[in-house]
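Since the structure comes first, as structure tokens, the remarks are kept for the end.
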Amino acid sequence: RYEPTWGSLDARPLPAWFDEAKFGVFIHWGVFSVPSFGSEWFWWYWQKEKREPYVKFMDRNYPPGFSYEDFGPLFTAEFFDANQWADILKASGAKYVVLTSKHHEGFTLWGSKYSWNWNAVDVGPKRDLVAELATSVRNRTDLRFGLYHSLFEWFSPLFLEDATNAFKTREFPTSKSLPELYEIVTKYQPEIIWSDGDGNAPDTYWNSTGFLAWLYNDSPVRDTVVTNDRWGAGSICAHGGFYTCSDRYNPGHLLPHKWENCMSIDRSSWGFRRDAQLRDYLAIEDLVKQLAETVSCGGNLLMNIGPTHDGRIAVVFEERLRQMGAWLKVNGEAIYGTKTWRAQNDTITPGVWYTFSPKVGKVNAIFLNWPVSGILELGEPQAKLGETQVKLAGYKELLKWVALGEKGMVIALPQLTQQLPCQWGWTLQLTDVN
């Protein structure tokens with residue numbers, strides 16, 4: 001049994017499924033999807049920081065005295081079809097999904113009894129959105145279902161009072177935040193708890209270790225659940241399950257602890273933005289590059305989309321997800337279930353990232369640029385004459401190569417124009433190399 005101490009909790013082995021999965025989809029959805037302007041931090045930027053674009057946006061488009069709470073009934077979700085979302089998630093090749101059950105605005109996407117009249121069952125859709133998505137994901141896909149939950153809430157009077165008392169009082173976590181966490185775990189049995197938003201309060205204020213000890217010892221998901229590292233000021237990148245360290249974290253080198261790169265297809269927002277331009281969205285080439293770099297350095301990629309207030313996954317997000325799925329259909333063996341290799345990227349040719357498939361003993365070289373010459377030089381793998389074999393994922397015949405001894409090898413790529421197995425990155429599978 002795990003003790004409610006970081007020493008004990010940090011010693012828990014991460015359930016193996018998480019490292020094998022490699023790729024998940026993050027979904028930021030909430031009342032912030034109604035203004036869908038600027039950022040999912042809309043309320044904070046408008047009311048607390050009074051940033052000019054947000055203040056002007058409200059002055060121009062809403063009557064005087066309009067409050068953020070007034071956006072609640074406008075979060076309608078009339079086009080939300082959980083089965084359709086599940087089918088898109090399945091097509092993306094992702095192995096898990098993480099939905100924002102509650103962001104810093106405090107609005108819960110389930111009918112929480114601790115969030116009276118500020119939840120999706122009482123206000124807006126009048127539906128339990130968490131339950132609908134959980135059911136569809138479990139019925140129609142093999143993805144694992146996870147929930148994001150914000151510990152703090154920007155404008156909760158209870159939290160603000162605790163903060164005024166320098167967190168010596170604990171009204172907010174005991175009456176709101178912790179009961180919600182127990183509620184979502186018991187009710188929806190998520191296999192990822194993605195915590196966020198510590199409000200600069202320490203983990204002792206949140207009783208994070210007490211909750212995690214229950215989660216790992218006695219909860220219905222104790223054997224398979226994974227958690228991140230955002231459990232109070234100072235715990236990020238230091239305590240918990242896998243490390244996130246910061247948003248859009250991509251160190252480019254091997255880390256000793258399992259980590260996750262959470263990033264968003266929209267370069268500047270996690271929530272949907274009606275004012276986004278095409279250039280604001282990462283292209284599929286960028287996303288494949290992120291995936292290859294992240295996995296080769298031992299991380300998972302959690303790629304975010306922001307649905308609309310009426311429950312649609314915008315076509316641009318759907319296209320990116322389906323493109324990623326198409327790429328993974330061809331190159332998935334170089335991603336899923338892989339381990340890190342002795343080298344993460346190539347020493348001679350930039351844009352080449354390595355993974356290792358332990359079950360079949362293959363080294364995978366994912367290259368992001370197809371060389372004009374048709375010749376790819378690799379400085380890391382050392383070929384063995386008469387033994388080494390080189391395949392291009394999605395192409396039947398073996399490739400010809402020349403060994404350069406300790407300087408690596410040169411590989412002749414097939415002359416393909418129309419028959420390329422995929423776009424946006426390719427995988428060489430090397431067997432019997434040193």
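Compute from the Cα atoms of region 117-224 the Rg and the Dmax, the latter being the longest Cα-Cα distance, and quote both in angstrom.
Just the Cα atoms of region 117-224 yield Rg and Dmax of 15.2, 48 Å.
How do 195-206, 343-354 rank on mean C-beta neighbours within 10 Å, highest first? Could the numbers behind the result be given before it?
Numbers: 195-206: 20.0, 343-354: 18.2.
Highest mean packing first, the order is 195-206, 343-354.
With a 10 Å radius around each residue's Cβ, average the other Cβ atoms per peptide and rank 383-389, 179-185, highest first.
Descending mean neighbour count gives 179-185, 383-389.
Run through region 122-168 and list the chymotrypsin sites (Phe, Trp or Tyr not before Pro) located in a DSSP loop whose Cβ has at most 15 other Cβ atoms within 10 Å.
PHE155
Dividing the alpha-carbon Rg of region 339-431 by 2.2 N^0.38 Å yields what?
That ratio works out to 1.00.
Dimensions of region 161-302 along principal axes (Cα, Å, largest first)?
47, 37, 29
Would you mind calculating the gained length between ASN369 and LYS329 on full extension (0.36 nm times residue separation, minus the Cα-Cα distance), in nm to one decimal?
Result: 12.5 nm gained on full extension.
Could you tell me the extents of region 1-93's C-alpha atoms along the three principal axes, largest first, rounded to whole Å?
55, 38, 21
Between LEU255 and LYS113, how high is the FRET efficiency from 1/(1 + (r/R0)^6) when r is the Cβ-Cβ distance and R₀ = 41 Å? Nearest 0.05.
So the FRET efficiency works out to roughly 0.55.
Any idea which of PHE23, TYR62, TRP110 is furthest toward the positive side of the dipole for region 9-110, if Lys and Arg beta-carbons carry +1 and Asp and Glu beta-carbons -1?
So the residue we want is PHE23.
Quick check for me: using +1 on Lys/Arg Cβ and -1 on Asp/Glu Cβ, what's the dipole size of region 256-415 about its Cα centre, in debye to the nearest 20?
Roughly 340 debye, rounded to the nearest 20.
Where in region 323-359 does the amide nitrogen come within less than 14 Å of the point 7 Å from the Cα of LEU420, taken along Cα to Cβ?
Residues 327 qualify, since their backbone N sits under 14 Å from the label point.
Of the DSSP beta bridges with both residues in the chain, give the percent that are antiparallel, rounding to the nearest 5. Please list the in-between numbers first.
Numbers: 30 of 60 bridges.
Among the beta bridges of the chain, antiparallel pairing accounts for roughly 50 percent.
How big, in percent, is the set of alpha carbon pairs in region 214-362 lying more than 27 Å apart?
33 percent
For SER264, which sequence-distant residues (separation of 5 or more, or a different chain) have an amide H within less than 5 Å of its own amide H, given hydrogens modelled in the peptide plane?
ASN304
Quick one: which of 88-100, 118-130, 61-73 comes out on top by average Cβ neighbours within 10 Å, and what's the full order, highest first?
Highest-to-lowest ranking by the protection proxy: 88-100, 118-130, 61-73.
Every read-out reported here was derived from the displayed coordinates using simple, explicitly stated rules and does not represent laboratory data. On a predicted model such as this, the values are computed, not experimentally measured, just so you know. Here Cβ is always computed from backbone atoms with ideal geometry, including for glycine, and neighbour counts include all displayed protein chains.
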